[in-house]
Amino acid sequence: RLLASADDRGQVRLYNILLVKNSLAVVGKGHSSHVTSVQFSTDDRLLFSTGGEDQTVLQWKVNAS
């Protein structure tokens with residue numbers, strides 16, 4: 001029930017799937033530049049993001065309460 005997105009400033013955003021115009025997101029900052037990919041784990045408890053310049057994989061714990 002969540003939607004993840006990423007941008008060129010190193011931010012990962014997590015939205016509730018019930019998107020409303022101008023809805024707020026939980027924003028995580030961890031990469032030094034653009035994020036190339038985001039992917040949920042099979043049980044949706046984790047989110048992984050990969051960075052371009054920093055060449056890192058970050059693991060985020062999803063707390064959907």
Has the range 18-33 got any residue that is charged (D, E, K, R) and within 13 Å of Ser5 (Cα to Cα)? yes
Can you tell me which residues in the range 25-52 are within 16 Å of Asn63 (Cα to Cα) and either outside any strand (DSSP E or B) or over 11 Å from the mean Cα position of the chain (by Cα) (or both)? Ala25, Ser41, Thr42, Asp43, Asp44, Arg45
For the range 19-37, what are the residues that are open to solvent by 40 Å² or more (accessible area, probe 1.4 Å) and touching a residue at least 12 places away in the same chain (Cβ under 8 Å)? Leu19, Val26, Val27, Lys29, Gly30, Ser32, His34, Thr36, Ser37
Give me the residue from the range 40-65 that is without any contact (Cβ under 8 Å) to a residue 12 or more places away in the chain and polar (S, T, N, Q) and, out of that set, least open to solvent (accessible area, probe 1.4 Å). Ser41
Among the residues of the range 12-24, how many are more than 16 Å from Gln59 (Cβ to Cβ) and touching a strand residue (DSSP E or B) at 6+ places or on another chain (Cβ under 9 Å)? 7
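The values are calculated or read from the model by the stated rules, or taken from the named source; none is laboratory data. The structure presented is a predicted model; accordingly, all values stated were derived computationally and were not measured. Cβ sites come from the backbone with ideal geometry, for glycine too, and all protein chains shown count toward neighbours. To get the accessible areas, we keep the full protein, side chains included, count just its heavy atoms, and leave off ligands, DNA and RNA. Shrake-Rupley method; radii C 1.70, N 1.55, O 1.52, S 1.80 Å.
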